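The values are calculated or read from the model by the stated rules, or taken from the named source; none is laboratory data. In this text the structure is predicted, and so the values were computed from the model without any measurement. A quick note on method: Cβ atoms are made from the backbone with ideal geometry, for glycine too, and the neighbour counts reach across all protein chains shown. Side chains are part of the model used for accessible areas, which takes the heavy atoms of the whole protein and leaves out ligands, DNA and RNA. Shrake-Rupley method; radii C 1.70, N 1.55, O 1.52, S 1.80 Å.
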Amino acid sequence: MTTTRFAPSPTGYIHVGNLRTALMNYLIARKAGGSFILRIDDTDPERSKEEYVDAIKQDLEWLGLHWDRVERQSERLDRYAEAADKLREMGRFYEAFETPTELDLKRKKQLNMGKPPVYDRAALNLSEAEKDALRAERGDGVWRFKLNHERIEWTDGILGDISIDAASVSDPVLIRGDGQVLYTIASVVDDTEMGVTDVVRGSDHVTNTATQIQIIEALGGTCPRFAHHSLLTGPQGEALSKRLGTLALRDLREQGVQPMALLSLMARLGSSDPVELRAEMAELIDGFDVSRFGAAPTKFDVQDLFPLTARHLQSLPLDAVSGAVAEAGVPAELAEPFWLMARENITTLNDLAGWWDLCRDGAEPLIDEEDRDFIAQAMELLPEGQFDGDTWGTWTKAVKEATGRKGKGLFMPLRKALTGMERGPEMAALMPLLQVIRARG
Ligand code: GLU
């Protein structure tokens, strides 16, 4: 069965970059009728926070990315220890004691000599006595996986055929000196034991994948299909990494971005398929094909989410937004006409309150000097009693007859006097909602 996972570390809020990974894995699983796992990569007890675990779940639920089960790496530490023992027995695991400063120095020397900065495996030559001495002096060492120096090859679902010379990669540290298991091995153990068949993640993981393929093989597992999506950049191609903090999903939610707008964009951005606003997740699932994504960095402009959000809202019936309409203060009996008027004139639901304020309190009238008498005369002609869908027509007809004005010269001053704006909703739809004037009338 097709099984995918989204594996965030709960060390912060998830952002649009993470969403791309989550969504691709989700869509692959759903399209295949498979299973989607939310895996919390919390082997770092210091940086992992429960509040972020909750936040990640909330963000995914908001988007409708429902998972079939949750796994937590912190609950599986014994599995990772077992795998580490196995690698030790096989002679593929060795303890190394260099300090970060020493490693840094080695790297600089290599770079000066024009060599790639690959760990030199000095620790392999340590005798047991030397190791004991180092352990006594510096505490436990880190544990590195000994790569086989051969080419590591796979066919990537997005990047195509990849071939990496293992000798150009440092033996990865899988366990830190303080005993903390690193994701590189934890992930391999999980993917193997949980039957993960497809792994999509960012192209910053390509080298990890190369080393993980050897670890999976050493542990006797089956490699999942790997696909590495390109990283997002800003609209001008600038690196997004520093700004991702401001592109947290919860911030976008606060700003009023609608889930379907965000999903429609992220499920196609960077692929050869056009970005089109979709009404349902099912449509995104149907049309999804990871192989249609390109390797080039993908430009992301947060501003693109707003027109998509506006268009999505225009298509919604009151039912879908009644909570937000009530929250804006609109009384239930006016909810339907208010929404039909407002949905054409908002970018996000956050704009509803402003339109309701206008309906309830009226606006500071905008009256040009030369229109003063005209507006005074027009106000005298406002129909009595309840305003309805015909009020605007009846009124403007009467004003036209009384003043001889027509067209823009008739309508625009009236609009500006009632709404304080030159543009806005259909006046015929707005009139029945204008509470202040109705009270006056
Ligand atoms: N926790 C890892 C990360 O967020 C998971 C990477 C993976 O998909 O294997 O980078």
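This table checks each residue for (1) modelled with pLDDT of 95 or more; (2) within 25 Å of Arg47 (Cα to Cα); (3) in contact with a helix residue (DSSP H, G or I) (Cβ under 6 Å, 6 or more places away or on another chain).
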| position | (1), (2), (3) |
| --- | --- |
| Arg107 | yes, no, no |
| Ala123 | yes, no, no |
| Ala129 | yes, no, no |
| Glu137 | yes, no, no |
| Trp154 | yes, no, no |
| Val173 | yes, yes, no |
| Arg176 | yes, yes, no |
| Tyr183 | no, yes, no |
| Val189 | yes, yes, yes |
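Matching residues to (1) open to solvent by less than 60 Å² (accessible area, probe 1.4 Å); (2) assigned to a helix (DSSP H, G or I); (3) closer than 16 Å to Thr419 by Cβ:
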site	(1), (2), (3)
Leu334	yes, yes, no
Glu344	no, no, yes
Asp351	yes, yes, yes
Gly354	yes, yes, yes
Ala363	yes, no, yes
Ile367	yes, no, yes
Arg372	no, yes, no
Ile375	yes, yes, yes
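Filtering Arg79, Arg72 for residues that are in contact with a helix residue (DSSP H, G or I) (Cβ under 6 Å, 6 or more places away or on another chain) and not aliphatic (A, V, I, L, M) leaves a single hit, Arg79. Highlighted here would be helices (runs of 4 or more DSSP H) found entirely within segment 1-110 that include at least 3 residues which are more than 27 Å from Arg253 (Cα to Cα), open to solvent by 30 Å² or more (accessible area, probe 1.4 Å) and in contact with a Leu (Cβ under 9 Å, 6 or more places away or on another chain), but there are none. Every condition in (1) open to solvent by less than 30 Å² (accessible area, probe 1.4 Å); (2) modelled with pLDDT under 95 is met by Tyr119 except one, and the failing one is (2). Restricting attention to segment 195-230, the residues being part of a loop (DSSP other than H, G, I, E, B), within 12 Å of the ligand (Cβ to nearest atom) and surrounded by fewer than 18 Cβ atoms within 10 Å (Cβ to Cβ) number 0. Here the condition is being more than 37 Å from the chain's Cα centre (by Cα), modelled with pLDDT under 95 and open to solvent by 10 Å² or more (accessible area, probe 1.4 Å); of Gly404, Gly441, Gly409, it holds for Gly441 alone. Going through (1) within 12 Å of the ligand (Cβ to nearest atom); (2) touching an Asp or Glu at 6+ places or on another chain (Cβ under 6 Å); (3) open to solvent by less than 30 Å² (accessible area, probe 1.4 Å) one by one, Leu147 falls short only on (1). One residue is enough: does segment 175-192 have a residue meeting the conditions within 22 Å of Thr4 (Cα to Cα) and away from the ligand (no atom under 13 Å from the Cβ)? Within segment 175-192, none of the residues are within 22 Å of Thr4 (Cα to Cα) and away from the ligand (no atom under 13 Å from the Cβ).
Taken as a whole, segment 82-94 holds at least one residue that is touching a residue at least 40 places away in the same chain (Cβ under 8 Å), small (Gly, Ala, Ser) and within 23 Å of Met194 (Cα to Cα).
You will find that of Glu336, Glu422, Glu369, Glu344, the residue that is more than 43 Å from the chain's Cα centre (by Cα) and not hydroxyl-bearing (Ser, Thr, Tyr) is Glu369 and no other.
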